[in-house]
1. Can you give me the long-range amide H partners of Leu71? Hydrogens built in the peptide plane at 1.01 Å from N, cutoff under 5 Å, separation of 5 or more residues or another chain.
2. If you add up the charges near Ser98, with Lys and Arg at +1 and Asp and Glu at -1, over every other residue whose beta carbon is less than 13 angstrom from its beta carbon, what do you get?
3. Restricting attention to segment 104-168, which GluC sites (Glu not before Pro) occupy a DSSP loop and are surrounded by at most 11 other Cβ atoms within 10 Å?
4. Scan segment 115-168 for trypsin sites (Lys or Arg not before Pro) in coil per DSSP, keeping those whose Cβ has at most 16 other Cβ atoms within 10 Å, and list them by number.
5. If you average the alpha carbon positions of segment 121-135 and of segment 48-82, how far apart do those two centres end up, in angstrom?
6. For segment 56-67, in order, what is each residue's ³J(HN,Hα) by Karplus, 6.51 cos²θ - 1.76 cosθ + 1.60 with θ = phi - 60°, in whole Hz (x at glycine and Pro)?
7. Roughly to the nearest percent, how much of the accessible area of segment 53-135 is carbon and sulfur, given a 1.4 Å probe?
8. Rolling a 1.4 angstrom probe over the protein heavy atoms, how many square angstrom per residue are accessible across segment 69-168?
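The values are calculated or read from the model by the stated rules, or taken from the named source; none is laboratory data. Computed from a predicted model, the values in this text were never measured in an experiment. Using ideal geometry, Cβ is built from the backbone for each residue, glycine included, and neighbour counts are taken over all protein chains shown. Remember, those area values only see protein heavy atoms, side chains included, never the ligands or the DNA or RNA. Shrake-Rupley method; radii C 1.70, N 1.55, O 1.52, S 1.80 Å.
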Amino acid sequence: TITGKIEKIKLDIEKHSDIDQLEDPAFAVEQVTEESGLRSIASFEAKKLLLVDEDMRNVFTLPSILQEKGLDVLVAKNGREGLEKLRNNGDVKLVLVSIAMSDMDGYAVVREMRQDELLGNLPIFMLTQKKSDAEKTSCLQAGANEYFAKPLDVKKLLVVMKAYLDNG
């Protein structure tokens, strides 16, 4: 099952917790990917994702990193715009949603997505400033598949995204 595969990937990532200290971190991520039975993360084969975040730092930096890996990244600067873009782009395969937004928080965006017949099955990763068990529980209860605290561990994000995109 995908849940079991994701959990195995997370354990493999933990085994390689020194990824950032290695001379070639890209090789380490590839090693985790290979051990987890995934195809290479060198390319995401032009899959489309949506980033919903009003923090301009994330809006500028994260898409460029993801685009380098071959992802087509749409950006929405608030929750309502994110929902609109999702409804107008049926080929989005994964959504990254920040919790902290002024018009509609990430929890509301995720809950609305889960209630929508067309959007309800998309993988959703919530991005938060808080790294706590309570925050993680809140994200998962809202309907997120995964939770990542900022600053993002981009290598871990890429490996987990790859697992969802390869199995979606």
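1. Close amide H contacts, sequence-distant or interchain: Phe44.
2. Its environment carries a net charge of -3.
3. Glu117
4. Here the sparse-neighbourhood loop sites are Lys130, Lys131.
5. Value for the Cα centre distance between the two parts: 16 Å.
6. For segment 56-67, the Karplus-derived couplings read 4, 4, 6, 5, 8, 7, 4, x, 5, 5, 5, 5 Hz, x marking Gly and Pro.
7. Answer for segment 53-135 is 47 percent, counting heavy atoms of protein chains only.
8. Using a 1.4 Å probe on heavy atoms only, each residue of segment 69-168 averages 47 Å².
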